[in-house]
Amino acid sequence: MVDDNIDSAESLSEVIQMLGHQTLVGHDGLEAIRHAQTFRPQVLLLDIGLPHVSGHEAAKRIRQQPWGKDMLLIALSGWGQQEDRQKSREAGFDHHFVKPVDLDTLMKVVEQGRAA
């Protein structure tokens, strides 16, 4: 879970933990890339508007790595127009959620994995 809004990242992470998943929290794009490389999560929830490196750029860099090709990447954004969703797809995201995230829908996507 990577979001520059610390409260948002921590609270969503805690909810996901309560649902039985292990989490790790970061707060900028470079941290997202480092955590993805070392932690190798099955799922990465990634805010788009991050400091240092945007969520789009972080997703592109992760997808370029052999270990990042099969990772489920989920964009979290305050923007949800068709153009925003298209940019997320082009960056390598599997899904694009608009904040505030509907937890039930998010968890269904997480449970289904990349096949969703």
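The values are calculated or read from the model by the stated rules, or taken from the named source; none is laboratory data. Bear in mind that the values here come from a model prediction, so they are computed numbers and not experimental data. Cβ placement follows ideal geometry from the backbone for every residue including glycine, while neighbour counts extend to all protein chains displayed. Only protein heavy atoms, including side chains, enter the accessible area calculation; ligands, DNA and RNA are left aside. Shrake-Rupley method; radii C 1.70, N 1.55, O 1.52, S 1.80 Å.
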Item to complete: Could you list, in sequence order, all residues of segment 62-74 that are open to solvent by less than 30 Å² (accessible area, probe 1.4 Å), of a type outside the set (Gly, Ala, Ser) and more than 19 Å from residue 101 (Cβ to Cβ)?
Response: 62
Worksheet item: Identify, please: which residue in segment 75-104 is more than 14 Å from the chain's Cα centre (by Cα) and open to solvent by less than 40 Å² (accessible area, probe 1.4 Å) and is, among those, modelled with the lowest pLDDT?
Response: 80
Discussion item. If I go through segment 38-57 residue by residue, how many of them are of a type in the set (A, V, I, L, M) and over 10 Å from the mean Cα position of the chain (by Cα)?
Written reply: 2
Worksheet item: Does segment 10-18 contain at least one residue that is of a type in the set (A, V, I, L, M), under 21 Å from residue 98 (Cβ atoms) and open to solvent by 40 Å² or more (accessible area, probe 1.4 Å)?
Response: yes
Discussion item. Go through (1) closer than 19 Å to residue 105 by Cβ; (2) surrounded by 17 or more Cβ atoms within 10 Å (Cβ to Cβ); (3) not polar (S, T, N, Q) for residue 59 and report which single condition fails.
Written reply: (1)
Fill in: When residues of segment 19-56 are limited to those that are among the hydrophobic types (A, V, I, L, M, F, W, C) and part of a helix (DSSP H, G or I), the one surrounded by the most Cβ atoms within 10 Å (Cβ to Cβ)
32
